[in-house]
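Notes follow the structure.
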Amino acid sequence: MGVKRGLMALCVLILAACSDSRSGDEIVVYTSRADHLVKPVFDAYTAETGTRIRYITDNEAALITRLQAEGASSPADMLITVDAGNLWLAADRDLLQPVQDGDLDNAVPAHLRDAEGRWFGLTVRARTLVYSTERLDPAELSTYEALADEQWADRLCLRTSKKVYNQSLVATMIERLGVEQAEQVVRGWIGNLATDVFANDNAVMEAIAAGQCDVGIVNTYYFGRLLRDRPDMPIRLFWANQGEGESGVHVNVSGAGLTRHAPNREAALDLLRWMTQPEAQSLLADLNLEYPVNPDVAPDETVAAWGSFRADDLNVEIAGRRQVEAVKLMDRAGYR
């Protein structure tokens with residue numbers, strides 16, 4: 001009788017563990033996001049659910065290569081990275097599995113996730129214009145395309161084309177304008193450069209503040225982080241392409257998908273759902289001064305103070321689908 005009761009108790013425990021994916025599991029995450037941007041989020045999830053999260057950080061190319069090499073033996077349940085171009089690449093290499101989930105679909109607008117459910121945006125990253133408040137009247141600014149005009153000769157600073165952020169911007173321009181017109185714009189940018197391209201967005205803003213140029217293109221969270229440390233810098237953001245018939249501000253995402261061979265799929269799906277809900281959305285967005293992907297969640301007050309804008313509503317997967325064309329176009333135009 002005692003043995004029988006013991007077996008029954010063991011069965012109950014096993015069934016309970018199987019029915020509650022939020023208790024006692026360990027999820028393995030490969031992430032290109034910095035430790036300080038993901039650890040508070042993972043700690044909050046563990047505190048709420050008891051599920052442990054083990055994560056490995058590296059750059060996106062290394063993580064995608066690692067997933068490919070590991071194949072079905074990979075311990076990874078989830079991939080988190082930035083830029084839809086990287087997420088699209090992982091999905092295109094069959095490293096992510098499709099998920100059909102109403103909660104995710106309700107929380108993440110359709111243009112900020114993969115149509116087949118292989119990845120979902122977690123935060124929105126806006127890439128727009130930044131200008132000198134000392135030498136430029138913002139009334140002079142309008143669109144990304146207009147920065148190719150002669151008016152901006154020797155006044156423009158850009159980050160290198162090697163970074164995926166600019167590749168994604170050009171990819172969406174190709175989608176909207178066509179290859180020929182997009183190439184004219186990029187050639188115009190290069191012709192208007194005041195100095196060589198910079199390695200990062202911070203250097204672009206530093207150059208504007210130092211008087212090397214008057215306007216550049218940056219991701220807004222770089223602006224927020226720089227101004228947090230140096231609030232007196234004479235630079236401001238300008239929301240590009242807001243006129244009637246214009247595309248809106250170029251946006252991209254950080255995002256996540258379940259890996260093709262996720263050993264702990266249900267627990268990882270629960271984490272993915274949780275990260276699109278209000279508590280996690282505020283953490284994810286506020287830690288890096290980005291925008292929540294869930295439209296029901298307000299941005300951090302610092303971000304909100306920059307004002308509202310109309311975002312480009314193209315599906316961000318275009319950034320990946322047309323990335324090769326964008327790289328070739330930038331190379332032809334002499335954008336290094």
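The values are calculated or read from the model by the stated rules, or taken from the named source; none is laboratory data. Since this is a predicted model, take the numbers as computed values, not measurements. A quick note on method: Cβ atoms are made from the backbone with ideal geometry, for glycine too, and the neighbour counts reach across all protein chains shown. Quick note on the areas: whole protein, heavy atoms, side chains included, nothing else; ligands and nucleic acids left out. Shrake-Rupley method; radii C 1.70, N 1.55, O 1.52, S 1.80 Å.
A few comments on the model shown:
- Hits in the range 319-335 (condition: within 15 Å of Glu175 (Cα to Cα) and either in contact with a Pro (Cβ under 8 Å, 6 or more places away or on another chain) or open to solvent by less than 60 Å² (accessible area, probe 1.4 Å) (or both)): Ala319, Gly320, Arg322, Gln323, Ala326, Leu329, Met330
- Of all residues making up the range 298-318, the number that are without any contact (Cβ under 8 Å) to a residue 40 or more places away in the chain and surrounded by 19 or more Cβ atoms within 10 Å (Cβ to Cβ): 1
- Pairing each residue of the range 96-111 that is in contact (Cβ under 8 Å) with a residue 12 or more places away in the chain with any residue that is among the charged types (D, E, K, R) and open to solvent by 50 Å² or more (accessible area, probe 1.4 Å), provided the two are 6+ apart or on different chains, yields C-beta distances under 7 Å for Leu96/Arg260; Gln97/Arg260; Pro98/Glu116; Asp101/Arg273; Asp103/Arg273; Leu104/Arg273; His111/Asp313.
- Among the residues of the range 2-49, those identified as in contact with a strand residue (DSSP E or B) (Cβ under 8 Å, 6 or more places away or on another chain) and either modelled with pLDDT under 50 or in a loop (DSSP other than H, G, I, E, B) (or both) are Asp25, Ser32, Arg33, Ala34.
- The single residue among Tyr45, Tyr55 that is hydroxyl-bearing (Ser, Thr, Tyr), touching a residue at least 24 places away in the same chain (Cβ under 8 Å) and open to solvent by 40 Å² or more (accessible area, probe 1.4 Å) turns out to be Tyr55.
- Of all residues making up the range 212-228, the number that are charged (D, E, K, R) and either over 21 Å from Ala148 (Cβ atoms) or open to solvent by less than 10 Å² (accessible area, probe 1.4 Å) (or both): 2
- All conditions but one from (1) within 18 Å of Leu63 (Cα to Cα); (2) open to solvent by less than 30 Å² (accessible area, probe 1.4 Å) apply to Pro263; the one that does not is (2).
- Residue check, Val197 open to solvent by less than 30 Å² (accessible area, probe 1.4 Å) and either touching a residue at least 60 places away in the same chain (Cβ under 8 Å) or within 14 Å of Thr128 (Cα to Cα) (or both): no
- Failed criterion for Pro231 (all others in (1) under 22 Å from Ala285 (Cα atoms); (2) surrounded by fewer than 19 Cβ atoms within 10 Å (Cβ to Cβ); (3) in contact with a helix residue (DSSP H, G or I) (Cβ under 8 Å, 6 or more places away or on another chain) hold): (3)
- Selected residue (criterion: modelled with the lowest pLDDT) from residues of the range 79-93 that are among the hydrophobic types (A, V, I, L, M, F, W, C) and not in a helix (DSSP H, G or I): Val82
Each row is one residue, and each column tells you yes or no for (1) of a type in the set (Gly, Ala, Ser); (2) farther than 19 Å from Leu329 by Cα; (3) without any contact (Cβ under 8 Å) to a residue 12 or more places away in the chain; (4) surrounded by 23 or more Cβ atoms within 10 Å (Cβ to Cβ).
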{"position": "Leu141", "(1), (2), (3), (4)": "no, yes, no, no"}
{"position": "Ala146", "(1), (2), (3), (4)": "yes, no, yes, no"}
{"position": "Arg176", "(1), (2), (3), (4)": "no, no, no, no"}
{"position": "Glu180", "(1), (2), (3), (4)": "no, no, yes, no"}
{"position": "Gln184", "(1), (2), (3), (4)": "no, no, no, no"}
{"position": "Ala203", "(1), (2), (3), (4)": "yes, yes, no, no"}
{"position": "Ala207", "(1), (2), (3), (4)": "yes, yes, no, no"}
{"position": "Ala210", "(1), (2), (3), (4)": "yes, yes, yes, no"}
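- Here Lys163 passes the criteria (1) out of contact with any Lys or Arg (no Cβ under 7 Å at 6 or more places or on another chain); (2) open to solvent by less than 50 Å² (accessible area, probe 1.4 Å); (3) not β-branched (Val, Ile, Thr) except the one numbered (2).
- If you go through the range 94-113 and keep only what is open to solvent by 10 Å² or more (accessible area, probe 1.4 Å) and either assigned to a loop (DSSP other than H, G, I, E, B) or polar (S, T, N, Q) (or both), you end up with Asp94, Leu95, Gln97, Pro98, Gln100, Asp101, Asn106, Pro109.
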